[in-house]
Amino acid sequence: GENVEQHPSTLSVQEGDSAVIKCTYSDSASNYFPWYKQELGKRPQLIIDIRSNVGEKKDQRIAVTLNKTAKHFSLHITETQPEDSAVYFCAATSGTYKYIFGTGTRLKVLA
Amino acid sequence: ETGVTQTPRHLVMGMTNKKSLKCEQHLGHNAMYWYKQSAKKPLELMFVYNFKEQTENNSVPSRFSPECPNSSHLFLHLHTLQPEDSALYLCASSPSGGGREKLFFGSGTQLSVL
């Protein structure tokens, strides 16, 4: 069945450095790729998303890139801050409500 | 943010108990979802309701029984659960359930089955 692989599972960076999280999807029909952030004890929240007709999208310090040929997409966080520490989930869908989620990346930003 | 509210936040139950999880959304959305979140596993879609009609039952054991009396409320009835059912159960809603739209999650119910 369809799946989304996410790497790394944990990531530690120094405050101010950049962080990159990568996801690979299997369903070539996937056309929507959201990223969710889940802080400890809190609900997942959408932070950025990208559709298959776009290669890159930015929102302040976060950006997502998509390579449809290779079927992978990445989350980039620049100038990391302690409040960026959380679990980040990628997901993919082919346009239905069936979002296939990755296993999550625990990001720790060290002050 | 109180768009999607789940109760209780924590639940401990024995394998022979019957309990229910409740979810309420105040966003005027038409689709509601139950997800299971286990450690080191992807979020697993359990059930989807669109305009109160169940449109997805993702091979979930019958010991989990959903109920959607209206577009704003969603329940998950639990009975004779197993210890491996211990997890965080997340409710979510979205405007139409048609895909490619933002999911609004509740804070979840942390369930422990003894």
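Since every read-out is calculated from the coordinates, none of them should be taken as a lab result. Not measured: the values here are computed from a predicted model. Neighbour counts run over all protein chains shown; Cβ positions are idealised from the backbone, glycine included.
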- Could you please find all residues in the range A:40-59 being touching a Ser or Thr at 6+ places or on another chain (Cβ under 9 Å) and either buried (at least 17 other Cβ atoms within 10 Å of the Cβ) or more than 11 Å from chain B (Cβ to nearest Cβ) (or both)? A:LEU40, A:ARG43, A:ILE50, A:SER52, A:GLY55, A:GLU56, A:LYS57
- Task: Would you point out the residue of the range B:1-13, among those that are farther than 15 Å from B:GLU67 by Cβ and surrounded by 17 or more Cβ atoms within 10 Å (Cβ to Cβ), that is farthest from the chain's Cα centre (by Cα)?
- Result: B:MET13
- Item | Subset of the range A:60-105 [within 14 Å of chain B (Cβ to nearest Cβ), over 16 Å from A:GLU15 (Cβ atoms) and more than 11 Å from the chain's Cα centre (by Cα)] | A:THR93, A:SER94, A:GLY95, A:THR96, A:TYR97, A:LYS98, A:TYR99, A:ILE100
- Are any residues in the range A:7-35 surrounded by 15 or more Cβ atoms within 10 Å (Cβ to Cβ) and facing chain B (nearest Cβ under 8 Å), and if so, which ones? A:ASN31, A:TYR32, A:PRO34
- Sort out which residues of the range B:92-106 are buried (at least 19 other Cβ atoms within 10 Å of the Cβ), among the small types (Gly, Ala, Ser) and closer than 14 Å to B:TYR49 by Cβ, and write them in order of number. B:ALA92, B:SER93, B:SER94, B:GLY97
- Task: From B:THR16, B:THR80, B:THR109, grab the single residue that is exposed (fewer than 13 other Cβ atoms within 10 Å of the Cβ) and either touching a Ser or Thr at 6+ places or on another chain (Cβ under 9 Å) or without any contact (Cβ under 8 Å) to a residue 12 or more places away in the chain (or both).
- Result: B:THR16
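Might you check whether a residue that is over 12 Å from the mean Cα position of the chain (by Cα) and either within 14 Å of chain A (Cβ to nearest Cβ) or on the phi > 0 side of the Ramachandran plot (or both) occurs anywhere in the range B:61-74? Steps first, please.
Step one: of the range B:61-74, the residues over 12 Å from the mean Cα position of the chain (by Cα) are B:61-63, B:69-72.
The next check asks that each one be either within 14 Å of chain A (Cβ to nearest Cβ) or on the phi > 0 side of the Ramachandran plot (or both); those that pass are none.
For the range B:61-74, residues over 12 Å from the mean Cα position of the chain (by Cα) and either within 14 Å of chain A (Cβ to nearest Cβ) or on the phi > 0 side of the Ramachandran plot (or both): absent.
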- Item | Selection from the range B:18-47 of residues that are over 18 Å from B:GLU84 (Cα atoms), more than 9 Å from the chain's Cα centre (by Cα) and either within 13 Å of another protein chain (Cβ to nearest Cβ) or part of a strand (DSSP E or B) (or both) | B:GLU24, B:GLN25, B:HIS29, B:ASN30, B:ALA31
